[in-house]
Amino acid sequence: MTSTLRMPRHDKDAAAEDARWKAVTARDRSYDGAFFYSVASTGVYCRPSCPARLAKRANVRFHDTPAEAEAAGYRPCKRCRPNEASLEARQADSIAHACRLIEAAEEPPKLDDLARSVGLSAYHFHRLFKAVAGLTPKAYAVAHRNKRIRETLGTSASVTEAIYDCGFNSSGRFYAESVRALGMTPSAFRNGGADAAIKFAVGECSFGAILVAASDKGVCAISFGDDPDALARDLQDRFPRARLIGGDVDFEQMVAKVVGFVEEPRLGLDLPLDIRGTAFQHRVWAALRDIPPGATISYAELAARIGAPSVNRHRKLTPDRRSKLTPFWRRAERERSPRRSWRGCAAGASAFRFAM
């Protein structure tokens with residue numbers, strides 16, 4: 001008969017406390033909320049990541065909750081505020097509030113006004129917004145307006161009505177931005193992509209399935225969803241008069257490279273999903289729209305285009321970040337029949353993967 005050696009309870013407790021102390025000395029944010037520690041010499045309790053001067057181990061006790069620490073007679077630290085939401089959560093709430101103000105405004109709000117609404121200086125707010133959302137407040141405003149353009153053109157009675165529904169004061173300004181936002185002229189977009197040849201690729205990212213489509217004038221659609229077949233059908237419904245082309249290897253590789261490069265699954269995790277999606281969509285759109293059709297691009301050039309050359313110049317994609325490519329469509333060309341099923345083209349739905 002064999003017996004299993006078990007660690008005595010006091011040894012287990014000591015090992016757990018050693019692990020917690022290691023997290024405190026490393027100021028490891030991943031442990032925030034998992035436990036709290038108090039300092040007998042100061043009478044306060046903190047998060048593991050608190051930036052305050054490290055206490056002596058002999059003065060430190062550990063607690064599972066703020067209530068437990070307060071019941072033991074300790075008060076919350078004024079620096080890390082362990083009895084409140086985490087700093088990241090508070091920052092995300094501020095940025096989400098600013099994003100909602102941008103979305104509700106007819107004209108993009110001024111930076112100073114946005115910063116004042118969340119109680120920050122313009123300089124600090126701008127840096128925080130980009131760090132949390134992955135783009136600047138101005139870029140988010142552009143992304144939201146472009147989204148409104150695409151939605152409004154499909155429902156407005158005319159292009160002129162769409163111009164003013166989107167908050168443009170003049171048609172000249174609208175037309176100057178429209179091709180970059182639509183990948184074609186506004187009239188062609190309203191007419192279901194009439195006479196346009198649109199290449200598309202479908203893959204996977206941290207939001208699920210992603211579809212990217214582009215005409216010879218630029219990107220015309222980026223969408224997310226759970227079902228890649230549904231994304232392709234939505235593209236067909238959006239552009240019923242266009243010729244949709246799947247299986248273009250060069251286009252798929254270029255899209256895979258861009259999405260794999262700008263993908264940051266941990267970025268903005270505390271933000272609402274729709275804000276994260278808008279920000280990610282804009283980063284992909286911005287990276288793709290200035291690449292000439294049929295052109296190839298290196299990672300260094302791509303880094304420079306998205307404004308992060310110093311960070312990414314020497315970046316090498318590891319196998320788990322590199323986009324792995326297998327054809328999604330053998331060759332799916334949209335015929336002019338009004339309602340052709342994609343089922344035959346998408347058999348197997350093997351989609352190339354952005355394996356993050």
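Given R₀ = 22 Å, what would the calculated FRET efficiency be for residue 67 paired with residue 40, taking r from the Cβ atoms and rounding to 0.05?
Values: r = 19 Å, r/R0 = 0.85.
Efficiency at R0 = 22 Å is approximately 0.75.
Quick one: length gained pulling residue 148 to residue 131 fully straight, 0.36 nm per residue minus the C-alpha distance? Don't skip to the end; give the middle numbers.
Numbers: separation 17, 0.36 × 17 = 6.12 nm, distance 2.48 nm.
Taking residue 148 through residue 131 to full extension adds about 3.6 nm, to one decimal.
Would you please report the Å³ per residue occupied by the convex hull of the alpha carbon atoms in the stretch 123-218? Write down the numbers at each step before the final one.
Values: hull volume 12.0 nm³, N = 96.
Spread over its residues, the Cα hull of the stretch 123-218 gives 125 Å³ apiece.
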(message) On a straight-distance basis, which aspartates and glutamates could pair with residue 56 in a cross-link, Cα separation under 15 angstrom, same-chain partners fewer than 8 positions away excluded?
(response) 17, 18
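Given a 1.4 Å probe and every protein chain left where it sits, what share in percent of the accessible area of the stretch 198-279 is carbon and sulfur? Walk me through the intermediate numbers first.
Working: 1410 of 3090 Å².
Reported share for carbon and sulfur atoms: 45 percent.
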(message) Can you divide the C-alpha Rg of the stretch 1-132 by 2.2 N^0.38 Å and report the result to two decimal places?
(response) 1.47
(message) Skipping prolines and chain starts, which residues have an amide H placed within reach, meaning under 5 Å, of the one on residue 197, given they are 5 or more residues away or on another chain?
(response) 216, 243
(message) Using all alpha carbons of the stretch 249-290, what is the percent of pairwise distances in each 10 Å bin, ordered from the shortest bin to the longest?
(response) 28, 49, 20, 3
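Averaged per residue, what accessible area in Å² does the stretch 138-254 show with a 1.4 Å probe, protein chains only?
Values: 4810 Å² over 117 residues.
Accessible surface, normalised per residue, equals 41 Å².
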(message) Quick check on my link table: of 138/257; 130/257; 110/147; 78/138; 78/130; 22/78, which ones sit more than 28 Å apart, alpha carbon to alpha carbon?
(response) 78/138
(message) With every protein chain kept in place and ligands, DNA and RNA left out, what is the accessible area per residue of the stretch 1-121? Probe 1.4 Å, answer in Å².
(response) 65 Å²
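The values are calculated or read from the model by the stated rules, or taken from the named source; none is laboratory data. Values in this document were obtained by computation on a predicted structure and should not be read as measured data. Cβ coordinates were reconstructed from backbone atoms using ideal geometry, including for glycine residues, and neighbour counts include every protein chain displayed. We work out accessible area using only protein heavy atoms, side chains counted, and drop any ligands, DNA or RNA first. Shrake-Rupley method; radii C 1.70, N 1.55, O 1.52, S 1.80 Å.
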